[in-house]
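Here's the structure, in C-alpha cells; my notes come after.
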Amino acid sequence: MRNNKNLSAEDLPVYQGEYSEDKLWKKVGKMARKAGIKLIYYVLLLFYVLKDPKTPARYRMVIMGALGYFILPADLIPDLLPFAGMADDWAALIAAVSFVASAITPDIKEQAKAKLREWFGPYDDSQLGEMA
C-alpha cells in the first residue's frame, strides 16, 4: 500500500501492524512542535478512543491503521518535506476521526486536551478546529 498515490479509509487497516504505543509516543515526541497542536490533538483523540473499552473492534482496526500510518516513517509523502510531508498523515487521521466520530465523547476530548496542555502549555481551543 505504500506505493499507492491515494490513501483511502479502506487502506488504513493495512497499517495497523505498524501501531504500538511506544512507536506512537516516539513519533509524537519527534513531531509535536513541527506537526502542530491540531494534528497532535487528532492523534490523541484516536488514541483515547482506542483505549476506551467500549470502542467497537471495527473502530479499533481503523484507529490502529491510521496511527500505524502516522508512525510509519516511509509513507506516501516523506515527513521531512515541510507542510506537504504531513499531508498524507493528515488525510489518514481525518479519515479515521471522521469514521469514529460517534465514539469521541466529551470525556475523550477532555483527556486529549489535558495531554495537550501538559505538552504545549496553555492554548486556545480555536486552534483545535471543529473537533474541539
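On the given criteria, is PHE70 at pLDDT below 90 and either part of a helix (DSSP H, G or I) or of a type in the set (Phe, Trp, Tyr) (or both)?
The answer is yes for PHE70.
Quick check on the stretch 20-41. Is at least one of its residues more than 23 Å from TRP119 (Cβ to Cβ), of a type in the set (Ser, Thr, Tyr) and at pLDDT 80 or above?
Checking the stretch 20-41: not a single residue is more than 23 Å from TRP119 (Cβ to Cβ), of a type in the set (Ser, Thr, Tyr) and at pLDDT 80 or above.
Quick one: is TYR123 at pLDDT 85 or above and not in a helix (DSSP H, G or I)?
yes
Cβ contacts < 7 Å: first residue farther than 19 Å from LYS30 by Cα, restricted to the stretch 104-120; second residue charged (D, E, K, R), any location; separation 6+ or different chain. Result?
Every condition considered, the pairs that remain are ILE108/ASP52.
Between a residue in the stretch 121-132 that is closer than 14 Å to LYS109 by Cβ and any residue that is at pLDDT below 85 and in a helix (DSSP H, G or I), which pairs come within a Cβ distance under 7 Å, given they are 6 or more apart or on different chains?
No pair meets every condition.
I need every pair where a residue in the stretch 42-66 that is within 16 Å of THR105 (Cβ to Cβ) has its Cβ under 6 Å from the Cβ of a residue that is outside any helix (DSSP H, G or I) and among the polar types (S, T, N, Q), sequence separation at least 6 or different chains.
VAL49/THR55
Take ASP125 and tell me if it is farther than 25 Å from PRO56 by Cβ and more than 15 Å from the chain's Cα centre (by Cα).
Against the criterion (farther than 25 Å from PRO56 by Cβ and more than 15 Å from the chain's Cα centre (by Cα)), ASP125 qualifies.
Collect the residues in the stretch 106-128 that are under 15 Å from VAL43 (Cα atoms) and surrounded by 13 or more Cβ atoms within 10 Å (Cβ to Cβ), keeping them in residue-number order.
Those that are under 15 Å from VAL43 (Cα atoms) and surrounded by 13 or more Cβ atoms within 10 Å (Cβ to Cβ): ILE108, LYS109, GLN111, ALA112, LYS113, LYS115, LEU116, TRP119, PHE120, GLN127, LEU128.
Give me a count of the residues in the stretch 14-59 that are under 17 Å from ALA101 (Cβ atoms) and not in a helix (DSSP H, G or I).
4
The values are calculated or read from the model by the stated rules, or taken from the named source; none is laboratory data. Here the structure is a predicted model, which means the values were calculated and not measured. No Cβ is skipped: glycine too gets one built from the backbone with ideal geometry, and neighbour counts run over all protein chains shown.
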